[in-house]
Every structure is written in structure tokens, then in C-alpha cells.
Amino acid sequence: MCGRYVMAKAIGDLVAEAEAEADANLELRQSWNVAPTSDVPVVLERLIDGTGTGAPQTAGTGTVREGEVSARQPQAVRQVHVARWGLVPGWAKDISVGVRAFNARSETLLEKPTFRDAVLSRRCAVPMEGYYEWKTGPGNSKQPYFVHRPDGKLSWFAGLYEWWADPAVPPGDPDRWLLSTTIITLAAPDPEDPHPVLAGLGALHNRLPLPLSSAALDAWTALGTLNNTGALDLLGQVLDQAYPTASNWQIRAVDPAVGSVRNDGPWLLEPRELDAAPRLDTVPGLDTTPRLDTAPGQDTASDSAPDGVRAPATEDVLF
């Protein structure tokens, strides 16, 4: 499951990492506590004309002179858009459907009416710096953990998107159309997996957002309408690389204040002591020794913390 995550990078940095285009007027609020129904970035491919206008390609008439074909041929372009987190299918009567559709199970994508059309032709990637998951302990106590790449780069997760026309807004009004998205999940690894990160993910929750490697990102977001067999084949390829991609993540305890959507800021990622909190150290081979895993060339928290935010000297890194 993925119900809360971090996306605080500037649009320019997101566009650069995605190797995508974005409208100059694109706006996105930084957040360290993104919740369902929020506006979130998505990366998808669109077919545009070859004039550089970015207009959607439509069938044209007339004769194209020799030498002009390549300039006018439609091109698939990767773009960053902002979508509402919670998929609203085109047939929905109102947007409330999206409240229950912020995650989509990979096992039933082609069975559920909410998702089966989108998986055939409207696939996207949802970028994030990491996501939160909660571990329940004795007496229903809960400790949040932050799952992220240790190098500070974005992770990409398989998603779907839809356009929904608001029946209360007249045709022709640009505000009539809502872009929405969902994040696909798969079964988490076995808690007894010999790889400590995968074992930790399995101990943390029984579901996992579906991660994408660079190659899988290209394949998943590629333009094209698939039939059911093609969609299942593509999904199988993406699922095959999920655990190897996730094995490079890191998991660490963070501030329990992340449990309230009213709390937001980089201080939520500060490490927490695990004295009486639910722990993951029952996983064989799990290393709970606090350490600072800083990738070569990566700034430590003390170098990059904003004014007024206490920069921890060490992190309670579980993996």
C-alpha cells in the first residue's frame, strides 16, 4: 500500500531527473506529507505535432512537400503533468470515486472497471522521494518508517491516469477536465527473504507500491493501446523487476507526527529513537545499528537542513 509520501523537489529538478518536458506555468507545492486527493506530479507520454507547439496531434489534410515530413510527423514526448491522487474514471458521476482509488492492486487491474481501461492505454509514472509505511506493535502502537533511495534521487512507481469531465461545468471550459492518477501495488516480499531490505519490506507491510527501474519506466509509459494479452505481458515484465529495484532502498524510522496530514515539513524525516516503538529487528539478518549511509557526493542532512530545522547528526537507518 502507498497512502502517504514525500515529493518536495523543485519542478526543475523533477523535470531533469525525468528527462521530460513541463509547461513553464506548471505549479506544484512541495510536500513532505502527500496524502490522497492531493495534487501530485505524474510523468506520461503524449503524441504532439512536429511544429514545436505541443498541440495534440490530429489528422490533417493536404500535401506535405518532400523534406517536411520529419518536421511535421507526430512525436511521442515525455511530459510532467499535475494530477489529483485518486483515479476518477471517465464514467464516474462525481470525483468521490477517486477517494477509494488512490491505489490499484496489480493482480486485478484488468478485472476492476475503475482501472481496466486505463491499464490498456493510459499508463504513467508517479515520482516520489520516498513513501511512509506504519508498523503496528503491541497495544496498537504504530511507528512510521520512511522508505527511500539512499542516494537522494527520485523513485518512480507504476501508475495509471484518467481524464474526467465534470458534468457541472459547460463544454469548452478548460476547468471541466480533471486529470487523476493511481499508484499500482503488488504483494510485498516474504519477511523471511534472505535479502535484508526485502525482508524488512515484507515485515513492514503486506503490500508494496510497484517500483520502476529506468528501463521499466520507459516501457511502462510508452505510448500505445494494448489488448489484454499485451497489458498482461507488460505488467509481468514490470513485476519481474520490482523486487530487484526495491532491494536498493533504505528504511528508517521517522517522526510519528507524519500521521496527521496537517503536519508538513522536512522535520518529519528526522530520525526517531526506537526504544518502545514497534521494531523490524525480528527479521533475520537485519542491521539496526544507527549509521549515516551517505552516497559519494551526497550532502548530509546537517549541510542541507533549512533554517529552523534541527539537522540530525546520525540517522536510525534500518537497512
(request) Would you mind computing, in nm to one decimal, how far apart the modelled labels at Asp117 and Asn263 are, each placed 7 Å from Cα along Cα→Cβ? (result) 4.1
(message) Taking the alpha-carbon distance from Lys153 and a cut-off under 21 Å, which lysines remain once sequence neighbours fewer than 8 residues away in the same chain are dropped?
(response) Lys9
(request) For the range 93-171 and the range 191-260, write down the distance between their C-alpha centroids in whole Å. (result) 12
(request) Go through the range 137-146 residue by residue and turn each phi into a ³J(HN,Hα) via Karplus (6.51, -1.76, 1.60, θ = phi - 60°); whole Hz please, and just put x for glycine and proline. (result) x, x, x, 6, 5, 10, 10, x, 10, 9
(request) For Glu19 paired with Leu232, estimate the spin-label separation in nm (one decimal), with each label point 7 Å from Cα along the Cα-to-Cβ line. (result) 3.2
(request) Would you please put 256-263, 113-120 in order of how densely packed they are, using the mean number of other Cβ atoms within 10 angstrom per residue and starting with the highest? (result) 113-120, 256-263
(message) Amide H of Asn103 versus every other amide H placed in the peptide plane: which residues, excluding those fewer than 5 positions away on the same chain, fall under 5 Å?
(response) Ile183
(message) For a test of the definition: using alpha carbon positions, the gyration tensor, and the 1.5 limit on a/c, classify the range 98-220 as rounded, prolate or oblate.
(response) prolate
(request) Please list Ile95, Ile184 in order of solvent-accessible area, largest first, computed with a 1.4 Å probe with all protein chains present. (result) Ile95, Ile184
(message) With every protein chain kept in place and ligands, DNA and RNA left out, what is the accessible area per residue of the range 179-222? Probe 1.4 Å, answer in Å².
(response) 30
(message) When a/c reaches 1.5 or more, the comparison of a/b and b/c decides; with that in mind, is the range 152-256 rounded, prolate or oblate per its Cα gyration tensor?
(response) prolate
(request) Evaluate the distance, in nm, between pseudo-label points positioned 7 Å from the Cα of Ala219 and of Thr37 along their respective Cα→Cβ axes. (result) 3.7
(message) Suppose the chain between Arg105 and Asp173 were pulled fully straight at 0.36 nm per residue; how much longer would it get relative to their current alpha carbon spacing?
(response) 21.1 nm
(request) Report the calculated FRET efficiency for Glu27 and Leu47 (r = Cβ-Cβ distance, R0 = 30 Å), to the nearest 0.05. (result) 0.75
(message) Give the lysines whose C-alpha is closer than 25 Å to that of Lys112, dropping any in the same chain fewer than 8 places away, or say none.
(response) Lys93
(request) Mind running the shape call on the range 86-130? Use the C-alpha gyration tensor, a ≥ b ≥ c as the square roots of the eigenvalues: rounded below 1.5 for a/c, prolate if a/b tops b/c, oblate otherwise. (result) oblate
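The values are calculated or read from the model by the stated rules, or taken from the named source; none is laboratory data. Quantities reported herein were computed from a predicted structural model and do not represent experimental measurements. Here Cβ is always computed from backbone atoms with ideal geometry, including for glycine, and neighbour counts include all displayed protein chains. In case anyone asks, the SASA skips ligands and DNA or RNA and just uses the protein heavy atoms, side chains included. Shrake-Rupley method; radii C 1.70, N 1.55, O 1.52, S 1.80 Å.
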